[in-house]
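Since the structure comes first, as structure tokens, the remarks are kept for the end.
The values are calculated or read from the model by the stated rules, or taken from the named source; none is laboratory data. Predicted model only: the values in this text are computed from it and were never measured. Ideal geometry is used to build each Cβ from the backbone, glycine not excepted, and the neighbour counts take in all protein chains shown.
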Amino acid sequence: MRPAPVIVYTDGACAGNPGPGGWAWAEPGGAWASGHEGRSTNQRMEITAAYEAAAAHAQPLEIVTDSTYVKNCFDNRWYVNWLRNGWRNSQRKPVANRELWEPFIDLYLARPGEIRFRWVKGHSGDPMNDLVDRLAVAACASQRPDAGAVPPDPEVLGAPDAARSRRQSGTPLATAPTPRRDPRVPDGHRLVVFGHRPPELGGYGDNPIVGGVRRLLTDIVAAKAELRPDLVVVTGLRLGAETLGAEAASAAGVPYVVVLPYPDAEKAWSETSRARFRNLVDGARTVVTLERAVPDDKADVRAALARRDGWLIANAEEALLVWDGEHRSLAQLHAKLLRRLGDDLWVVEPVG
């Protein structure tokens, strides 16, 4: 019989984007280690924490992480396409952080069936997740490595809220404004979906990238619903990631709310897209239309969509952003969401 896996929690922290970074892993009641990087990002530190945990344990291992970026690389086999495509992503661009992913994937493939991953929501009260968070933040601040045979007393690492200052924006979560509550949106924990339009997802029809993103969003929404039974997905229902967010909510059995910038927002779409839109609108718990007037020209359309995005950001308690990490307009949206939500922003890379 294969021995039971060792459970190891991991986390990464970064003060700035980029900025000084720190990582940590720890066994419940056992060994731990932490390290640093002078100029890093939160994603780099999440990868490094999980890799260092795997490299430090020769036995079967369950890595518990609050990073969907790390977990989904392996569970959804992103690495298969990366290797097949010569380390190019779905947009035919170089895979970000390849120098970290490559040795990690080599290690994972060299130990078939021995390394598995489990996701835990960050700052959800899990004592070990809180511990590795504090360890990573401490390493980020000190820029020194550390290790021990038993975990240190959490009290010497600072209060739990101190860890939340690891947000890439550098803004402590405690200073973020209270989410706005529009009375037209049903009560519940609001998860807003943003992301790429169809051209960046392989086209307007079903294709491997669209299918992969839809499955991934469905898995994430279902997992979040287990943690938050009152979860409500909120989507603007534009073609692309926002439409996939509504479909994922429907597939996961989670209610969703459609927020339209103005009436007949789908008027210029193809009949196929309009039929898909109407079907999703019919399945929504609530439809909110923010403005009564239809814009007169493209400039007014862009302004209305910007106001809609502002409304969604203000009303979000969590957000999913489908983003390849490079698209410029989404980079600006990512910065706004990060300032607003910090660790409650989840970035999903589109892969086929």
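Residue pairs whose Cβ atoms lie under 7 Å apart, sitting 6 or more positions apart in sequence or on different chains, and linking a residue in region 16-34 that is outside the structural domain of Leu135 (by TED's automatic domain parsing) and touching a residue at least 40 places away in the same chain (Cβ under 8 Å) to a partner that is assigned to a strand (DSSP E or B) and crowded, with 24+ Cβ neighbours inside 10 Å, do not occur here.
Kindly evaluate Glu226 against the criterion of being of a type in the set (D, E, K, R), modelled with pLDDT of 90 or more and part of a helix (DSSP H, G or I). It is false that Glu226 is of a type in the set (D, E, K, R), modelled with pLDDT of 90 or more and part of a helix (DSSP H, G or I). Leu217 falls short of the stated requirement of being part of a loop (DSSP other than H, G, I, E, B), under 21 Å from Thr286 (Cβ atoms), touching a residue at least 12 places away in the same chain (Cβ under 8 Å) and not polar (S, T, N, Q). Looking at this structure, is Val258 assigned to a strand (DSSP E or B), among the aliphatic types (A, V, I, L, M) and free of Cβ contacts under 8 Å to residues at least 60 places away in the same chain? Yes.
A search for C-beta distances below 7 Å between a residue of region 317-335 that is assigned by TED's automatic domain parsing to the domain that holds Ala241 and of a type in the set (Phe, Trp, Tyr) and any residue that is surrounded by 13 or more Cβ atoms within 10 Å (Cβ to Cβ) and part of a loop (DSSP other than H, G, I, E, B), counting only pairs 6+ apart in sequence or on different chains, returns Trp323/His196.
For region 269-287, state whether one or more residues are among the β-branched types (Val, Ile, Thr), in a strand (DSSP E or B), in contact (Cβ under 8 Å) with a residue 12 or more places away in the chain and touching an Asp or Glu at 6+ places or on another chain (Cβ under 7 Å). Looking through region 269-287, none of the residues is among the β-branched types (Val, Ile, Thr), in a strand (DSSP E or B), in contact (Cβ under 8 Å) with a residue 12 or more places away in the chain and touching an Asp or Glu at 6+ places or on another chain (Cβ under 7 Å).
Scanning region 193-240 for residues that are among the aliphatic types (A, V, I, L, M) and surrounded by fewer than 20 Cβ atoms within 10 Å (Cβ to Cβ) yields Ala222, Ala223, Leu227, Leu239. Scan region 165-214 for residues that are at pLDDT 90 or above, touching a helix residue (DSSP H, G or I) at 6+ places or on another chain (Cβ under 7 Å) and in a loop (DSSP other than H, G, I, E, B) and the total you get is 1.
Condition check ((1) assigned to a helix (DSSP H, G or I); (2) farther than 21 Å from Pro145 by Cα) across all residues:
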residue: Thr10; (1), (2): no, no
residue: Ala24; (1), (2): no, no
residue: Gln59; (1), (2): no, yes
residue: Ile63; (1), (2): no, no
residue: Phe74; (1), (2): yes, yes
residue: Ser90; (1), (2): no, yes
residue: Glu102; (1), (2): yes, yes
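All told, Arg308 falls short of being part of a loop (DSSP other than H, G, I, E, B) and of a type outside the set (Gly, Ala, Ser). Beta carbons closer than 7 Å, at least 6 apart along the sequence or on distinct chains, pair a first residue in region 91-108 that is polar (S, T, N, Q) with a second that is at pLDDT below 95 and surrounded by 15 or more Cβ atoms within 10 Å (Cβ to Cβ) for Gln91/Glu200; Gln91/Asp324; Asn97/Gln43; Asn97/Arg44.
Here Glu52, Glu46, Glu37, Glu27 are screened, and the one residue that is over 17 Å from Arg98 (Cα atoms) and either among the acidic types (Asp, Glu) or modelled with pLDDT of 90 or more (or both) is Glu27. When Asn42 is tested against (1) under 18 Å from the mean Cα position of the chain (by Cα); (2) free of Cβ contacts under 8 Å to residues at least 40 places away in the same chain, exactly one condition is not met: (2).
Selection over region 291-311 of residues that are within 27 Å of the chain's Cα centre (by Cα) and in contact (Cβ under 8 Å) with a residue 24 or more places away in the chain gives a count of 6. The condition of being among the aliphatic types (A, V, I, L, M) and under 23 Å from Ala13 (Cα atoms) does not hold for Leu109.
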